Amino acid sequence: MDRHAPFTPLAKEDVADIFGVTTRTIENWIEDEGMPAPACIGNRVFWHPDVFYAWLDHRLRIPKSDTRSARPVDAKPKRRIATGAAHDQLRHQNAKRLAAIEAGTPL
């Protein structure tokens, strides 16, 4: 019989504590920085410690020549926050979408 060593899965709060950031920052890193996605169990998310620490080890070993950009080459660019006229246009579009959803009309 093959026995596995027991481990404690890492919750989002645990990962945030490791880095000293908020859980929202962890969510952003999952989306933008290529952090491995956690597994869902119920309505919570967890990382296997081996997966998380292997990613962290790899991430911290980026060669010095690449220190100018720690982001992966294929990472998505940061989203820009709309301001002024662009913000007003987005708000108008969202209001129209919401009205269509409430009316049951396809978008």
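Nothing in this text is a laboratory measurement; each read-out follows from the coordinates by a stated rule. Being a predicted model, the structure only gives us computed values, none of them experimental. Quick reminder, even Gly has a Cβ in these numbers, built from the backbone with ideal geometry, and neighbours come from all protein chains shown.
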Fill in the blank from the handout: Output ordering of 8-15, 21-28, 40-47 (per-residue mean of other Cβ within 10 Å, highest first) is 8-15, 21-28, 40-47
Handout entry: Computed label-point distance, nm, for sites Asn94 and Glu13 using a 7 Å Cα→Cβ extension
Key = 2.9
Completion exercise
In order over segment 16-21: 3J(HN,Hα) from phi, Karplus 6.51/-1.76/1.60, θ = phi - 60°, whole Hz, x for each Gly or Pro, gives 4, 5, 4, 8, x, 10
Practice task
Multiply the residue gap between Arg24 and Tyr53 by 0.36 nm, knock off their C-alpha separation, and tell me the result in nm, one decimal place.
Solution key: 8.5 nm
Problem - Whole-Å semi-axes of segment 1-58's equivalent ellipsoid (Cα gyration tensor) - result: 21, 13, 11
